[in-house]
Each structure stands twice: as structure tokens, then as C-alpha cells.
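Here the structure comes first, spelled out in C-alpha cells, and everything after it is commentary.
Every read-out reported here was derived from the displayed coordinates using simple, explicitly stated rules and does not represent laboratory data. All figures in this text were calculated on a predicted structure; none of them were measured in a lab. Cβ atoms come from the backbone with ideal geometry, glycine included; neighbour counts cover every protein chain shown.
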Amino acid sequence: MKLFIVIGILLSGTSVYAQHELQTWLKTGVEGQIVEKFDWSFELNSRFGEQGLETFFPQAGLEYKVKKWFRPSIEYRYILDKDKYGNYGSGHRINFNALIKERVSRFDLGFRLRYQYAFSRLGDSQNYDSDFDQAIRTKLSVLYDIDNSMFSPLISGEFFYDPKFGPSGPRFTKFRLAIGTSLELDGPHKISVKYQLDKKLNNFSANMRHVIGVSYMYKL
């Protein structure tokens, strides 16, 4: 918890030099089971900014429960992303994930390692958002299950690492810090909300992004 606070302070310090940007991320989807321990999911994601809809992508995924605490998965996205001129370019991305989850008392601890690879994008790749480029991502999360409450507070932190040998060499490129809650609802409904700070590293002039995210999933 102290690590997240320190990182948040460091990110806030960069806001002296950066402009602030507000986005709203909406996700809705459905998930189910193919056979025992083998799950599928499909979702639609929309990200809105000052210029309206800036990014839209449907995503399909498969997850296998090797152990209760270990779940590898693969996801495919088809992406429509708006550039600085207001034009949409398309592309594809594949995520390879390894998720580790452990329950300690009333805390759910999570660690996700992700390798993402984007390809066949149309348009000017120089303006391509790093969210949809090649990256290795590590994410830590902590959820607390409050007794007799429908709310479960959540905090998470994530680093983006660019493995390519470009002009600056392999390096960490971005950090995300998020706080939010999931709602324990009766039936097959899952809802979560979050507030997220999103900042590129080694680039003080890049915008500090503030994100309000809302997610709804229906389990068959």
C-alpha cells in the first residue's frame, strides 16, 4: 500500500509540467464456460475523451484454470483508434496473460503478467497509443472483501515495459495507478467502477490522463 502512495505522489509531481486529460472508459461483456476449467469471454470497450469516441475495440478471450491460483489466458482485439487529425485507424492486438491470485484473510491479492503484440495497423503508426503497441506489462492488485457489504474496494498499479531495441532501447514507458470497487450483486451480474491515473514515463510533457471506468459483465 505504501508503494502505491509513493508512486502516486511521484505521478502528481509530474503534473506541474503536463496537461491534464479526462477520459471515460466503458466496458460491457458476457462470459461463460466451454468445459470444466475452460472459460470464454467477449466484450465491447469504448473510450471517450474531449473529441468524443477515441478508441473502440471488441475483444474475445479464452482462459484455462490450471490451478485455483493460476490462470493463463489469451485475448484478441480488433481496434479502431482516432489519431490527432480525427481519423480512425484500425489494427489488431493479441494479449498473452498469466494471472496469479491468492486469498489471504479477507484480501484477494493478484499479479498479472501480460505480453501484448499489435500488428497490421492502418494509418500513421507514429501516433499509435502505447496501450496498443508491443509491451510487457506487470500489474499488482489488492481487493478487500468487506463483511456484509456489496462493495469490495480495489487498488492496483501497473507498469508498461517496451522490449524493443529502439533509439532509447528497452525501457519502462508508462505507469497506471487505479482505485475503485466491485459490486457484489445477486445473479450473473458483475459491475465495477474505478478512477485511474495514467502517465507516460520519461516524458514530462505528455498528458496526465484521468480515467473514470465502468465495467459490466454478464455470466452465462
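To make sure I understand the rule: partners must be lysines, Cα under 27 Å from the Cα of K200, and not fewer than 8 residues away in the same chain. Which ones qualify? K200 reaches K2, K27, K82, K84, K139, K164, K174. Charged neighbours of F111, selected by a Cβ distance under 12 Å, balance to +3 (K, R count +1; D, E count -1). The distance between label points at L220 and S90 comes to 2.5 nm (points 7 Å beyond Cα on the Cα→Cβ vector).
From the alpha carbon centroid of the range 174-220 to that of the range 42-77 is 13 Å.
Please work out how much length the chain gains when fully extended from Y161 to F111, using 0.36 nm per residue of separation minus the C-alpha to C-alpha distance, in nm with one decimal. Present the calculation step by step, with values, prior to reporting the outcome.
Numbers: separation 50, 0.36 × 50 = 18.00 nm, distance 1.57 nm.
Value of the extension gain: 16.4 nm.
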